[in-house]
Amino acid sequence: MKATRVDRIATFFFWILGMISVGILFIIVGEIFARGLFIALKPSFFLGKPEAMKEGGGILPMIVSSIYLAVLTLLISLPLSLGAAIYLAEYSRGGKITRFIRFCADSLSSLPSIVFGLFGLAIFVVRLGWGYCLISGAFTLALLNLPTLMRSAEESLKSVPKTYREASLSLGASRWTTVRQVVVPSSLPGIITGTVLSIGRIMGESAALIFTTGTFIRKIPLNPFQTAAPLAVNIWYTQSEALVPDYRNIVNGGAAFLLLMVLVVNLVARYIGKFYRRRKGLS
Amino acid sequence: MLSISGPSLFIKQAMDYLRSIRKRELHIKVLLMICASVTFVGLLLIFIFVFRESLPAFTRLGLPNLFSTHWNPDVSHPEAGNYGMLPFVVGTLYTTLGGLLVGAPLGIGSAIFIDQIAPPKIGTAIGRGIELIASIPSVVIGWFGLTLLVPMIGRLTDTSGFGILAASLVLGVMVLPTIAALSLESLRALPSELKEAAYGMGATRWQTIYKVLLPAARRGVLVAVILGMGRAIGEAMAVQMVIGNSRQLTFSLTNGTSTLAARIVTDMGESSGVFRSALFAQGLILLILAMLLILTIRLVSREKKETVR
């Protein structure tokens, strides 16, 4: 009798724990949107120019910085991570080198992003003399994102059935031809999903960027060697310096806009995954 | 055509063709290896640069200065300041522990709930929801903490509200998805016979979870908690926004203090010379802590393989 009663109480507690966990999501998203979505969706705000001292500034250059940064970062890290994943999944035979590379990737992915920020400051901003700019931030983030991109690419490469490879190789195709024309195309959905997810991470990243891209700008950056201010970094800067009188409004709006962008990117990633899975199921 | 030039030329052409393919294959393999080695080179460079930049702090300030409890940088004459990082080491450990106390029960509990208790549809929905928490940018969580949690704590405890409690709550939210996802993974990896055997012997669901499933998945859950710990130790922005950023060594939950990562964020802008080096030294400590955690995880998962054999 007693055991069933304990079981019922435990079940109740697990329901509560599960509900609290999703509740946290709803409270955070609800609170941020309730505060800022109204401001964020005003064209004068998301298409406006930031103010350094006066009120009424917008965040357009920051949004552009975030997107620009995501593109640059992926341009650097996507080929590298894909190459590394192809090497690990298709070429290496699971020896010492593979294990070592995987250990490095695991270590890299467990480093705090502030450490990447320090590294980026030391090497790109100061040592190479690029200063605070998009390209310094992009290289820093490329390294930060490399392990996750690599892992997701490797997993989707490995999910391609062995028979595909065997069929291609038995037709006389070389290994590289097999990889390029058979394995990579069939693992594309997974690779695309992983890439889109990493766009979300890049947009949300701030600690690795405060010392590498810059924190405040008024003009839209065109040249990658120009100082920039990704939205996430600028939100932190605006609330911490509180130079404009309406900084609370700006941060509320900026945070809501950032959250919206990140959530949309995540939903897109999920949709892509689903879309391809459905198509695969039909064919 | 071929018959004119003879069979030997045909063989030669074929061999040349094969050789060129083999050569191309080799080039590509080398290129891919270079891509893979970027992880190693990157890790090495991070170590070298963070270490090199923090070296002046160790040589010019000395360990007694760096490991004192007194943080009082001198912006205009960096060499004259005090750079004791002990308050922030304590703050880091304290907030990490707090974050785990909040996030680990929630994360592990939710994983068990999703895997064992929830109806499949609700379980998937909750799993997706928790995944989405991981995608919320840390500045957004920090701003949420600053505008909602800090005033709330302040009202309840009659203090400023900034401090370790606020930081722990924020960190709890941030480690929750990591711990939940990895615990869930290790629970799902358990063979279903385990559960069936327990039920077959008349165990209740709670007894099955507590006495069979959790012990069987304990290494995976431990790894999940360690990885969550890594996230909590290194989180900079969200913590910096709610911890108050004062310099004191404190053990009170509602006193302002700082962590290593938060201190770097707060002070980097105005630092130069050995002041900057002292901040890099804090980064070096974070780097070493992260590597120690990774090695611990390796150790934990290696033991697992041995017991299976």
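The values are calculated or read from the model by the stated rules, or taken from the named source; none is laboratory data. This structure is a prediction, so every number in the text was calculated from the model and none was measured. Every residue, glycine among them, receives a Cβ derived from its backbone with ideal geometry; neighbour counts consider all protein chains shown. Surface accessibility is based on the protein's heavy atoms, side chains included, excluding ligands, DNA and RNA. Shrake-Rupley method; radii C 1.70, N 1.55, O 1.52, S 1.80 Å.
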- Could you check, for the stretch B:46-64, whether at least one of its residues is free of Cβ contacts under 8 Å to residues at least 24 places away in the same chain, at the interface with chain A (Cβ under 7 Å from one of its Cβ atoms) and under 30 Å from B:Asn245 (Cα atoms)? yes
- Note on the structure: Residue set A:Ser187, A:Ser198, A:Ser206; condition in contact with a Phe, Trp or Tyr (Cβ under 6 Å, 6 or more places away or on another chain) and open to solvent by less than 10 Å² (accessible area, probe 1.4 Å); output residue A:Ser206
- Task: Could you check A:Gly172 against (1) surrounded by fewer than 19 Cβ atoms within 10 Å (Cβ to Cβ); (2) without any contact (Cβ under 8 Å) to a residue 12 or more places away in the chain; (3) more than 30 Å from B:Arg24 (Cβ to Cβ) and say which number it fails?
- Result: (3)
- Query: Among the residues of the stretch A:230-241, is any modelled with pLDDT of 90 or more and within 20 Å of A:Ile76 (Cα to Cα)?
  - Reply: yes
- Can we say A:Tyr68 is within 11 Å of another protein chain (Cβ to nearest Cβ) and crowded, with 17+ Cβ neighbours inside 10 Å? no
- Query: From A:Gly23, A:Gly58, A:Gly30, A:Gly36, which residue is within 11 Å of chain B (Cβ to nearest Cβ) and buried (at least 17 other Cβ atoms within 10 Å of the Cβ)?
  - Reply: A:Gly36
- Message: Please list, ordered by residue number, the helices (runs of 4 or more DSSP H) wholly in the stretch B:77-168 having 1 or more residues that are of a type in the set (D, E, K, R) and within 30 Å of A:Ala40 (Cβ to Cβ).
- Response: B:120-135, B:150-157
- Query: When you scan the stretch B:240-273, how many residues do you find that are crowded, with 24+ Cβ neighbours inside 10 Å and part of a helix (DSSP H, G or I)?
  - Reply: 9
- Within the stretch A:99-110, tally of residues that are open to solvent by 10 Å² or more (accessible area, probe 1.4 Å) and without any contact (Cβ under 8 Å) to a residue 12 or more places away in the chain: 4
- Counting only residues that are outside any helix (DSSP H, G or I) and open to solvent by 10 Å² or more (accessible area, probe 1.4 Å), how many does the stretch B:213-239 have? 1
- Task: Filter the stretch A:159-169 down to residues that are open to solvent by less than 40 Å² (accessible area, probe 1.4 Å) and among the polar types (S, T, N, Q), then give me how many there are.
- Result: 1
- Hey, does the stretch B:3-15 have a residue that's of a type in the set (D, E, K, R) and loosely packed, with under 13 Cβ neighbours inside 10 Å? yes
- Query: In the stretch A:226-278, which residues are open to solvent by 20 Å² or more (accessible area, probe 1.4 Å), away from every other protein chain (no Cβ under 14 Å) and touching a helix residue (DSSP H, G or I) at 6+ places or on another chain (Cβ under 6 Å)?
  - Reply: A:Ile272, A:Tyr276
- With B:Leu101, B:Leu106, B:Leu45, B:Leu63 as the choices, which residue is surrounded by fewer than 16 Cβ atoms within 10 Å (Cβ to Cβ), assigned by TED's automatic domain parsing to the domain that holds B:Val242 and of a type outside the set (S, T, N, Q)? B:Leu101
- Residue that is farthest from B:Ser20 (Cα to Cα) [pool: residues in the stretch A:175-188 that are β-branched (Val, Ile, Thr) and facing chain B (nearest Cβ under 10 Å)]: A:Val179
- Restrict the check to the stretch B:179-199 and report whether at least one residue is within 11 Å of chain A (Cβ to nearest Cβ) and touching a helix residue (DSSP H, G or I) at 6+ places or on another chain (Cβ under 9 Å). yes
- Message: For the structure I just gave you, tell me whether A:Lys49 is away from every other protein chain (no Cβ under 11 Å), surrounded by fewer than 16 Cβ atoms within 10 Å (Cβ to Cβ) and within 26 Å of B:Gly145 (Cα to Cα).
- Response: no
- Name the pairs whose Cβ atoms lie under 7 Å apart, with the first residue in the stretch A:84-95 and open to solvent by 20 Å² or more (accessible area, probe 1.4 Å), the second assigned to a helix (DSSP H, G or I), and 6 or more positions between them or separate chains? A:Ala89/A:Glu154; A:Ala89/A:Leu157; A:Ala89/A:Lys158; A:Ser92/A:Thr98
- Task: Filter the stretch A:215-225 down to the residues that are under 15 Å from A:Gly131 (Cβ atoms) and open to solvent by 10 Å² or more (accessible area, probe 1.4 Å), then identify the one that is farthest from the other protein chains (Cβ to nearest Cβ).
- Result: A:Asn223
- Item | Residue list for the stretch A:112-133, filter: part of a loop (DSSP other than H, G, I, E, B), out of contact with any Asp or Glu (no Cβ under 8 Å at 6 or more places or on another chain) and in contact (Cβ under 8 Å) with a residue 12 or more places away in the chain | A:Trp130, A:Gly131, A:Tyr132, A:Cys133
- Message: Within the stretch A:134-229, considering only helices (runs of 4 or more DSSP H) that don't extend past its boundaries, which have at least 2 residues that are among the hydrophobic types (A, V, I, L, M, F, W, C) and closer than 26 Å to B:Phe47 by Cβ?
- Response: A:134-158
